[in-house]
Amino acid sequence: MTNLSDVSAIERLISGVPGTKLDVAAMLSHRNLARQLDSDSAATSSPAHQVQPTTKIPMRRVSEGALVLTPSPRRPPVIRHFEGEQQYEGTVIAINLRDRNFTARLASVNGNAPDEEGEFSLDELNGDENLVVPGALFTWTIGLQSRGQKGQQIRVSDIRFRRLPPVTKEAIAKAENEAEELSAFLLRTAIEAPIIATL
Amino acid sequence: MSKTQPPSPGELEVSVFGPGYGESVLVHVGYGAWVVIDSCIDPKTNRSAPLNYLESIGVVPESAIRLVVASHWHADHVRGLHQLLSAATSAIFSCAESLARNEFLTLAKIEAMEPGKIPLGPEELYRCLTTVRERAETSRGHQHKWAGPDRILWQTDKHAPVKIRITTLSPSDEMHSRTVQTMLNYITAVKKGLSEPRLIATCPNDVAVAVLLEINERQILLGSDLEQESNVAVGWSAVLAGEAVKDSKCCAFKVAHHGSYSGHSDAVWEELLETSPLALITPFRHGDLRIPTGGDRARILARTGDAYISADPNLSTKAPKKSGKVQAIMSNTIMNRRLANGPMGHIRWRAPINDPADRGLVELFDGALPLAVVSSAA
Amino acid sequence: MGYYSARVDIIVRKPARQKTCTMQIQPKEPDASVDEVTVVLIGDFNPKIFHPMWFAHHRILREAEADDATIEVIHADVASFTTEWLTVQVLRDRFTAGVKAEVYRSHLGDLVRNVFSLLSHSPVRQMGINATFRLRFKSDDDWHAFGDMILPKSPWAGVLEKPGLLSTNVQGTRADRHRGLVNVTVEPDTRRPGDASVRYNDHFEKPLETSDEPGKVASAGWALEILQEDFDASYERAKHMAKKLVDNFIATKTVDSRR
């Protein structure tokens, strides 16, 4: 994907897209953009959505016409590569609030190994705690991560719960139609009398 | 007797498979005809355990399996069932009628939309019923019959060398109505976004199919996960009130609901079973839950000393270690990492069909053991 | 799947007397890894709403991740941010989300589905599910031979001096019921000789309006349905394609190369 850390890259990207309206000159103006970002991001895009104002983006002037948004130094570097040495798909079986853990069944993604089980702490889920319900799915990957521009390598264990979207009305309707068709056929054609078999 | 030796034509066989999570019952009713109730996965091969076994004893599933019954939709009873049914091309398929209604099938279809490597019960059943339809639409003709109270599924004709009758005893009409209502309520909740579209197995089990097998003079009761409640129109009470079990005295019993208290009925032991029948049990091991408990085992052993269980419910097998650095990281994340299942436990009972006095031989394979020697819970 | 067209970019390196010839090869299987998985939607969007905190507010992203996200720009015409594992870029007519690590692929699918479940009325005209694989060849000879297999050099004799493959894009028809195409792009990595990338683009077009829905405004529903049913299958097809290309390469005994 395009690196948007400099305005020239943004210009090139946008210029190739037909119908894009962008006041590039305004974008190049440091002060104008800062004001615009503050006001745009504070506005609601639709009644349901309130976006938090991004008033605290630190910015620095590199040279006239260039605008760079400086990331906070505490932000973790981007994962460039993640070699999964062991990967599981987990399903929550039970939750033990007293012991602050949950039990999960694990299906190995690498190969056909038998299912496993184990307990995981509820306190090490990095914000996924409220997703832990019986039946919830998660991925658990252990492997070597390559991070940042210089490709710093670190072996990690990553548990990440699936944030599955709600089932859409269309999907439910489609499921209902298919189920209705199958059900009607099966109920209509089932054998009524006892089956007489020969040996 | 070698494990891979098939039964002789005149030999009855009841094989019960259960590795800890999962149950399957396979019955040779005579002369090469087999009946399968439920399926589970053999952890070694990741295939349907009854299918594996039949192939290992040289039985050809396509012609040999005559009847496949899904006793209900719970994942521990149906994993691998579609694989089995796909191989059993001559088989009649049976399950509770409520599972063929659009309410259940809609939920199964919605559930199947979501990803997951561990297959879900309803999805497995949906696939089985789709296969049943595909077969019915081809020249093979209709091949399904619903289970219900006192319903004769399958019986031999008058010329057969063995007199066989297979009757389903449940679910009762009341259980059927409850299931339909429950599914309707569930779909409504899913449509309103009030519920995740994931069917959770709840008690009581309103779709469990208990089966009575009559093979010449012998009677065998397969209890599935049928439970006992105070309502006489459901569960074992409804079965006992039926006509099919009148005058029944079964010599063997696949104990209901993994030997749990909720599956127990004194009346079943007293009215439907011989004194000291052969009792066959599969455990249920899921997370912290371990059934049968010590109390359950004592209760069963008080009824019969001839009781066997396919696997020790309290046995926990450590999962194999991974390579050094990966293991170190895993140890810091997961506690008590273990195999979800032990080996595929297998209880096999064989007896001559024409000699009901001969109690036959019970063999135990791959971790199956007498109920009396099961270890205490840790 | 038939082949409709091939677009080939050729560069001229330096003038030299070169002849093409048939060369015997014994290639070894290259190492393969996933470089990137992306989902691109073409339609009408409002970039300024795609702030990380919007994702967190709707529980599409962890709050801490949204907090720590590196925001390049959030503007009426363009939005772009990255988290540890994810990159999102939105223009008025293009939404792109991608991951570098294959282990996050399922989470990428969940994210895009979540976004367009919330923005289901967004008009979406096209969608691409893309996977890029990196092939690391065991030798320079193998790397060159792969390029020779993809682009035989004989046809370029007398046309260009020392022709070399820069990029090949091959298009094929879809084998399923969806409208669209399949594109495969093969590019040697000139910055890292010995590597090549193979990009699989599963391209979907909005279904044609049915006769009982004339004039119905396009929405994201059709794309959501495909993501629901086909996201994993698309990746399997991509892996199969890459494997097939590698298998064909390993089975190749001769290539049409330059001396």
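Quick check on the stretch C:110-118. Is at least one of its residues part of a strand (DSSP E or B) and either at negative phi or out of contact with any helix residue (DSSP H, G or I) (no Cβ under 8 Å at 6 or more places or on another chain) (or both)?
no
Could you check, for the stretch C:93-103, whether at least one of its residues is facing chain A (nearest Cβ under 7 Å), under 24 Å from the mean Cα position of the chain (by Cα), within 24 Å of A:Glu170 (Cα to Cα) and assigned to a helix (DSSP H, G or I)?
Scanning the stretch C:93-103, I find no residue that is facing chain A (nearest Cβ under 7 Å), under 24 Å from the mean Cα position of the chain (by Cα), within 24 Å of A:Glu170 (Cα to Cα) and assigned to a helix (DSSP H, G or I), so the answer is no.
For the structure I just gave you, tell me whether B:Ala49 is more than 10 Å from chain A (Cβ to nearest Cβ), touching a residue at least 24 places away in the same chain (Cβ under 8 Å), of a type in the set (Gly, Ala, Ser) and closer than 30 Å to B:His159 by Cβ.
no
Has the stretch B:97-120 got at least one residue that is touching a Cys at 6+ places or on another chain (Cβ under 8 Å) and touching a residue at least 12 places away in the same chain (Cβ under 8 Å)?
no
For residues in the stretch A:155-171 being modelled with pLDDT under 90 and more than 8 Å from chain C (Cβ to nearest Cβ), which is nearest to the chain's Cα centre (by Cα)?
Here the residue is A:Val167.
So, A:Gly135, is that one within 7 Å of another protein chain (Cβ to nearest Cβ), assigned to a loop (DSSP other than H, G, I, E, B) and either buried (at least 16 other Cβ atoms within 10 Å of the Cβ) or touching a Gly at 6+ places or on another chain (Cβ under 8 Å) (or both) or not?
When the stated conditions are applied, A:Gly135 does not pass them.
Looking at C:Gly158 and the list (1) on the phi > 0 side of the Ramachandran plot; (2) in a strand (DSSP E or B); (3) not aliphatic (A, V, I, L, M), which single condition is not satisfied?
(2)
Determine which single condition B:Val132 fails, assuming it passes every other condition in (1) facing chain A (nearest Cβ under 8 Å); (2) more than 22 Å from A:Ala175 (Cα to Cα).
If we test B:Val132 against (1) facing chain A (nearest Cβ under 8 Å); (2) more than 22 Å from A:Ala175 (Cα to Cα), just (2) comes out false.
Quick one: count up the residues across the stretch B:336-347 that are touching a strand residue (DSSP E or B) at 6+ places or on another chain (Cβ under 7 Å) and surrounded by fewer than 23 Cβ atoms within 10 Å (Cβ to Cβ).
Counting residues in the stretch B:336-347 that are touching a strand residue (DSSP E or B) at 6+ places or on another chain (Cβ under 7 Å) and surrounded by fewer than 23 Cβ atoms within 10 Å (Cβ to Cβ) gives 4.
Out of all the residues in the stretch A:155-168, is one or more farther than 25 Å from C:Arg113 by Cβ, touching a strand residue (DSSP E or B) at 6+ places or on another chain (Cβ under 9 Å), surrounded by 14 or more Cβ atoms within 10 Å (Cβ to Cβ) and among the polar types (S, T, N, Q)?
Within the stretch A:155-168 (the criterion being farther than 25 Å from C:Arg113 by Cβ, touching a strand residue (DSSP E or B) at 6+ places or on another chain (Cβ under 9 Å), surrounded by 14 or more Cβ atoms within 10 Å (Cβ to Cβ) and among the polar types (S, T, N, Q)), the answer is yes, since at least one residue qualifies.
Which members of the stretch C:84-99 meet the condition of being at pLDDT below 95 and either crowded, with 23+ Cβ neighbours inside 10 Å or out of contact with any strand residue (DSSP E or B) (no Cβ under 9 Å at 6 or more places or on another chain) (or both)?
Residues satisfying the conditions do not exist here.
Pick from C:Val34, C:Val40: which is surrounded by fewer than 21 Cβ atoms within 10 Å (Cβ to Cβ), among the aliphatic types (A, V, I, L, M) and either closer than 19 Å to C:Lys206 by Cα or assigned by TED's automatic domain parsing to the domain that holds C:Lys244 (or both)?
Of the residues listed, the single one that is surrounded by fewer than 21 Cβ atoms within 10 Å (Cβ to Cβ), among the aliphatic types (A, V, I, L, M) and either closer than 19 Å to C:Lys206 by Cα or assigned by TED's automatic domain parsing to the domain that holds C:Lys244 (or both) is C:Val40.
Name, by its number, the condition in (1) more than 25 Å from B:Thr317 (Cα to Cα); (2) touching a Lys or Arg at 6+ places or on another chain (Cβ under 8 Å); (3) of a type in the set (Val, Ile, Thr) that does not hold for A:Val156.
Single failed check for A:Val156: (2).
Looking only at strands (runs of 3 or more DSSP E) that fall completely inside the stretch B:321-378, which ones have 1 or more residues that are more than 22 Å from the chain's Cα centre (by Cα)?
B:334-339, B:346-352
Assess whether B:Ile281 counts as being closer than 30 Å to A:Phe82 by Cβ and either crowded, with 23+ Cβ neighbours inside 10 Å or at pLDDT below 95 (or both).
So B:Ile281 fails the test.
Residue-wise test of (1) modelled with pLDDT of 90 or more; (2) outside any strand (DSSP E or B); (3) closer than 30 Å to C:Gln228 by Cβ; (4) in contact with a Gly (Cβ under 6 Å, 6 or more places away or on another chain).
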site	(1), (2), (3), (4)
B:Leu51	yes, yes, no, no
B:Thr106	yes, yes, yes, no
B:Leu125	yes, yes, yes, no
B:Pro149	yes, yes, no, yes
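Residue by residue through the stretch A:155-198, note down the ones that are outside any helix (DSSP H, G or I), hydrophobic (A, V, I, L, M, F, W, C) and in contact with a Phe, Trp or Tyr (Cβ under 9 Å, 6 or more places away or on another chain).
Answer for the stretch A:155-198, where residues must be outside any helix (DSSP H, G or I), hydrophobic (A, V, I, L, M, F, W, C) and in contact with a Phe, Trp or Tyr (Cβ under 9 Å, 6 or more places away or on another chain): A:Val156, A:Ile159, A:Phe161, A:Ala190, A:Ile191, A:Ile195, A:Ile196, A:Ala197.
From the residues in the stretch A:105-115 that are touching a strand residue (DSSP E or B) at 6+ places or on another chain (Cβ under 7 Å) and under 16 Å from A:Gly84 (Cβ atoms), which one is farthest from the other protein chains (Cβ to nearest Cβ)?
A:Asn110
Exactly one condition in (1) at pLDDT 90 or above; (2) crowded, with 17+ Cβ neighbours inside 10 Å is false for B:Ala357; which is it?
(2)
Take the residues of the stretch C:227-240 that are within 12 Å of another protein chain (Cβ to nearest Cβ) and among the hydrophobic types (A, V, I, L, M, F, W, C): which is nearest to C:Gly172 (Cα to Cα)?
Per the criteria, the residue is C:Ala233.
For the stretch B:53-67, how many residues are within 14 Å of another protein chain (Cβ to nearest Cβ) and either surrounded by fewer than 24 Cβ atoms within 10 Å (Cβ to Cβ) or free of Cβ contacts under 8 Å to residues at least 40 places away in the same chain (or both)?
Number satisfying all stated conditions: 4.
Assuming B:Leu184 fulfils every condition listed in (1) in contact (Cβ under 8 Å) with a residue 24 or more places away in the chain; (2) within 23 Å of the chain's Cα centre (by Cα); (3) farther than 28 Å from B:Gly10 by Cβ apart from one, which condition is it?
Unmet for B:Leu184, out of (1) in contact (Cβ under 8 Å) with a residue 24 or more places away in the chain; (2) within 23 Å of the chain's Cα centre (by Cα); (3) farther than 28 Å from B:Gly10 by Cβ: (2).
Can B:Asp296 be described as assigned to a helix (DSSP H, G or I) and of a type outside the set (Phe, Trp, Tyr)?
Yes; evaluated as a whole, the condition is true for this residue.
The values are calculated or read from the model by the stated rules, or taken from the named source; none is laboratory data. The model shown is predicted, which means the values in this text are computed figures rather than measured ones. So basically every Cβ, Gly included, is an ideal-geometry build from the backbone, and we count neighbours across all protein chains shown.
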